[in-house]
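Comments concern the structure below.
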Amino acid sequence: MEKRKIKENIYWLGAIDWDRRLFDALVPLPDGTSYNAYLIEGSDKTALLDAVDPAMADLLLSQLRDTPRVDFIVSHHTEQDHSGTIPLLLERFPEAKVLTSPKGKTLLMEHLHLTEEVLVTVADGETLSLGDKTLRFIHTPWVHWPETMVTYLEEDRILFSCDFFGAHIAASDLYVTDQGRVYEAAKRYFGEIMLPFRAIIAKNLDKLASYPVDMIAPSHGQIYSQPAWILEAYRDWVLHPPHNLVVLPFVSMHGSTRKMVDHLTAALVARDVRVELFNLAVTDIGKLAMALVDAATIVVGTPTVLAGPHPLAAHAAFLANALRPKAQYLSIIGSYGWGGKTVETLAGMVPNLKVEVLEPVLCKGMPDQATLAALDRLADAIAQKHRENGFQ
Ligand code: FEO
């Protein structure tokens, strides 16, 4: 695809990765992704904002074939899907300086072995004139790494945000045309990489609130020509109390844990508590991360394997611990064959979760009436906690 004009002397460049189905060897990409770069041609100077994943460097270099000079390459974020092509760009444009945050400078030297001579750090709020266009650099740490920053183009009121507000979507439409689809992809992306950093992201949102923004141009997915809704969505994800929602990741080997999961789900629904189930044998962990954005309670359903939790349940617990969601309650249910320490092992895997643990329900073999009654009591406890907190 060739470069595409956004406004006079402002262009989208980059690559649409229709085929990619996994990011960081971890995160599923059901809709592919894109790596967006942006070219701003001022009356005096030209700046390129971000680059592309090295696997698609040829596309970016081809889009730049008629660009005689790039004075500045702005690196908002060191992760290689945005920065990995910078060494090749410096070969093509040896006159260019790479502008980045102070932490970005260190990371670019470590990750790409860029030399100190090509790197220039920009302070929070610093401006750079390209002649008739002015770039303002705003430090926005932890969207996704500690060095991340964004660029505000003052004359055109465009915010170039890199991962911030991004969504893994491959699409030929340059602008958001299906808000529902992008909402889900953006929330999934927030859940996967930004959920642990909510407090800092709230400060970043406050910082951006003083800038009138007509357009947000992220480095994944489509451009927001009407950005108010995605800014509001981020405020909700970051600041809103958890919802009246139980997220229930589970795995079952012979059906006993599944019976317990189904019984608890029905009991919660009967008590007006929403539930999202994730069968870990088949689930997309991006969907699980997205659900954790809102969950008030997490219940892990697992059989006992070799005296501990099933490895898939351990994986989910590890993920939840790393994402540090807003959830305030946790419980564990499941069936065991002969014994084990499933509850102790799982509980020890989630030290980051600031949760109250509600009485786990474990049973030997097939759940009996006493086990089902215990699950009803767990549903009672969850519903009561949610009511007391006013979770909606
Ligand atoms: Fe799109 Fe954190 O890289």
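The values are calculated or read from the model by the stated rules, or taken from the named source; none is laboratory data. Predicted, not measured: the structure shown is a model, and the values here were computed from it. With ideal geometry, Cβ positions are generated from the backbone for all residues, glycine too; neighbour counts draw on all protein chains shown. Ligands, DNA and RNA are stripped out before the accessible areas are found, and what is left, the full protein with its side chains, is counted by its heavy atoms. Shrake-Rupley method; radii C 1.70, N 1.55, O 1.52, S 1.80 Å.
Could you run through region 23-54 and say how many residues are small (Gly, Ala, Ser), closer than 30 Å to Ala316 by Cβ and either without any contact (Cβ under 8 Å) to a residue 12 or more places away in the chain or crowded, with 19+ Cβ neighbours inside 10 Å (or both)?
The total comes to 2.
How many residues are outside any helix (DSSP H, G or I), under 21 Å from Trp12 (Cβ atoms) and either acidic (Asp, Glu) or within 16 Å of the ligand (Cβ to nearest atom) (or both) if we restrict to region 81-99?
Count: 2.
What residue, of Gly125, Gly166, Gly131, is open to solvent by less than 60 Å² (accessible area, probe 1.4 Å) and within 14 Å of the ligand (Cβ to nearest atom)?
Gly166
Which of the residues spanning region 169-186 are over 20 Å from the mean Cα position of the chain (by Cα) and either within 16 Å of the ligand (Cβ to nearest atom) or among the β-branched types (Val, Ile, Thr) (or both)?
Residue satisfying the conditions is Thr177 alone.
Report, by residue number, each residue of region 123-173 that is over 21 Å from Asn9 (Cβ atoms) and of a type in the set (Ser, Thr, Tyr).
Matches in region 123-173: Thr140, Thr148, Ser172.
Between residues in region 1-17 that are in a loop (DSSP other than H, G, I, E, B) and residues that are open to solvent by 70 Å² or more (accessible area, probe 1.4 Å) and not basic (Lys, Arg), which pairs lie under 9 Å by C-beta distance while being six or more apart or on different chains?
Here the result reads Asn9/Ser43; Asn9/Asp132, each pair linking region 1-17 to a residue that is open to solvent by 70 Å² or more (accessible area, probe 1.4 Å) and not basic (Lys, Arg).
Look through Thr140, Thr78 and report the one residue that is within 16 Å of the ligand (Cβ to nearest atom), more than 28 Å from Ser225 (Cβ to Cβ), open to solvent by less than 10 Å² (accessible area, probe 1.4 Å) and in contact (Cβ under 8 Å) with a residue 60 or more places away in the chain.
Thr78
Looking at (1) surrounded by fewer than 23 Cβ atoms within 10 Å (Cβ to Cβ); (2) in a loop (DSSP other than H, G, I, E, B); (3) touching a residue at least 60 places away in the same chain (Cβ under 8 Å), which is the one condition that is false for Arg65?
(3)
Would you call Asp206 surrounded by fewer than 19 Cβ atoms within 10 Å (Cβ to Cβ), touching a residue at least 40 places away in the same chain (Cβ under 8 Å) and not aromatic (Phe, Trp, Tyr)?
No: the conditions fail for Asp206.
Of all residues in region 151-163 being touching a Lys or Arg at 6+ places or on another chain (Cβ under 9 Å) and part of a strand (DSSP E or B), which is nearest to the ligand (Cβ to nearest atom)?
It comes out as Thr151.
Given the criteria open to solvent by less than 50 Å² (accessible area, probe 1.4 Å) and over 19 Å from Asp17 (Cβ atoms), does Tyr224 qualify?
Against the criterion (open to solvent by less than 50 Å² (accessible area, probe 1.4 Å) and over 19 Å from Asp17 (Cβ atoms)), Tyr224 qualifies.
Identify, please: which residue in region 324-340 is without any contact (Cβ under 8 Å) to a residue 60 or more places away in the chain and farther than 13 Å from Val246 by Cα and is, among those, most open to solvent (accessible area, probe 1.4 Å)?
Taking the candidates together, the pick is Trp338.
Listed residues Val350, Val343; which is surrounded by 18 or more Cβ atoms within 10 Å (Cβ to Cβ), of a type in the set (Val, Ile, Thr) and assigned to a loop (DSSP other than H, G, I, E, B)?
Val350
Looking at region 236-311, what strands (runs of 3 or more DSSP E) fall wholly within it and have at least 3 residues that are free of Cβ contacts under 8 Å to residues at least 40 places away in the same chain and buried (at least 17 other Cβ atoms within 10 Å of the Cβ)?
The strands (runs of 3 or more DSSP E) meeting that bar are 274-279.
Quick one: is Ile201 more than 16 Å from the ligand (Cβ to nearest atom), part of a helix (DSSP H, G or I), open to solvent by less than 10 Å² (accessible area, probe 1.4 Å) and not charged (D, E, K, R)?
No, not satisfied.
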